[in-house]
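The values are calculated or read from the model by the stated rules, or taken from the named source; none is laboratory data. Not measured: the values here are computed from a predicted model. Here the Cβ is made from the backbone with ideal geometry for all residues, glycine too, and neighbour counts use every protein chain on show. Protein only, heavy atoms only, side chains kept; ligands, DNA and RNA dropped before computing areas. Shrake-Rupley method; radii C 1.70, N 1.55, O 1.52, S 1.80 Å.
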Amino acid sequence: MTTKIVIIDDHQLFREGVKRILDFESSFEVVAEGDDGSEAVNLVEQYNPDVVIMDINMPNVNGVEATRQLIEKFPDSKVIILSIHDDENYVQHALKTGATGYLLKEMDADALIEAVKVVADGGSYLHPKVTHNLVKEYRRLAVEEVGGGDGYVQQVEIRRPLHLLTRRECEVLQLLADGKSNRGIGESLFISEKTVKNHVSNILQKMNVNDRTQAVVVAIKNGWVEVK
């Protein structure tokens with residue numbers, strides 16, 4: 001099955017770079033390009049893509065507003081936001097508007113390809129650095145709620161979910177929480193990216209979650225991983 005993609009970014013050179021990366025995947029087809037968020041609705045209506053890759057900063061209609069308009073007219077649209085901002089406020093705003101992916105422009109080619117595949121399959125994908133920042137913010141708020149802030153640090157006993165996952169899968173889950181990409185996990189554990197992908201797939205299935213971000217959130221809530 002071919003995954004049809006629309007790219008909307010006002011920087012032509014960057015847009016061409018993204019298209020070139022996507023063209024390496026035989027199952028991907030970039031069906032249209034635009035340089036402003038105002039084109040989003042018309043392009044989706046005309047080409048019916050599986051995924052829209054949308055820059056967050058554009059001169060007339062920015063990516064977040066364009067996503068809002070798009071989801072309002074086509075609720076099933078799947079949008080990946082491209083951004084230079086890793087601040088959780090930007091991320092949360094984009095997700096609340098309806099985006100199902102958020103990538104930093106410092107991403108590598110593998111992250112872009114993986115994000116498109118995950119989002120096209122109905123999951124959500126956050127850049128590993130963004131995931132880590134959100135996890136840290138979640139942890140900070142949880143500590144304040146329990147301890148009342150004022151420098152109070154809650155001591156949490158980490159209980160690895162060995163009743164659910166293998167020891168290796170527990171290691172992979174921790175590295176996901178640390179914000180590592182598949183490549184970074186592979187380098188840390190001296191295993192191939194393909195093996196990492198298999199471990200991640202097993203983790204998602206065993207934890208009954210749709211994507212790695214949900215897996216990390218569940219792990220944090222249950223005290224299965226450290227937040228560094």
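Could you tell me whether any residue of region 11-28 is touching a Lys or Arg at 6+ places or on another chain (Cβ under 6 Å) and either under 24 Å from residue 213 (Cα atoms) or without any contact (Cβ under 8 Å) to a residue 40 or more places away in the chain (or both)? I'd like the intermediate steps shown before the answer.
In the first step, residues of region 11-28 are kept if they are touching a Lys or Arg at 6+ places or on another chain (Cβ under 6 Å); the result is none.
Scanning region 11-28, I find no residue that is touching a Lys or Arg at 6+ places or on another chain (Cβ under 6 Å) and either under 24 Å from residue 213 (Cα atoms) or without any contact (Cβ under 8 Å) to a residue 40 or more places away in the chain (or both), so the answer is no.
Can you list the helices (runs of 4 or more DSSP H) lying wholly within region 1-96 that have 2 or more residues being open to solvent by less than 20 Å² (accessible area, probe 1.4 Å) and farther than 21 Å from residue 126 by Cα?
By residue number, 40-47.
From the residues in region 166-207 that are in a helix (DSSP H, G or I), without any contact (Cβ under 8 Å) to a residue 60 or more places away in the chain and polar (S, T, N, Q), which one is most open to solvent (accessible area, probe 1.4 Å)?
So in region 166-207, the residues in a helix (DSSP H, G or I) come out as 167-177, 182-189, 193-207.
From what's left, without any contact (Cβ under 8 Å) to a residue 60 or more places away in the chain: 167-177, 184-189, 194-207.
Now drop any that are not polar (S, T, N, Q), which leaves 174, 188, 195, 198, 201-202, 205.
Values: 174: 17, 188: 52, 195: 52, 198: 86, 201: 67, 202: 61, 205: 143 Å².
Within region 166-207, the match that is most open to solvent (accessible area, probe 1.4 Å) is 205.
Could you look through region 196-224, keep only residues that are in contact with a Lys or Arg (Cβ under 9 Å, 6 or more places away or on another chain) and modelled with pLDDT of 90 or more, and pick out the one that is farthest from residue 117 (Cα to Cα)?
Just the residues of region 196-224 that are in contact with a Lys or Arg (Cβ under 9 Å, 6 or more places away or on another chain), to begin with: 196, 199-200, 203-204, 220, 222-224.
After this cut, where a residue has to be modelled with pLDDT of 90 or more as well, the list is 196, 199-200, 203-204, 224.
On the way: 196: 16, 199: 17, 200: 14, 203: 18, 204: 15, 224: 27 Å.
Here the answer is 224.
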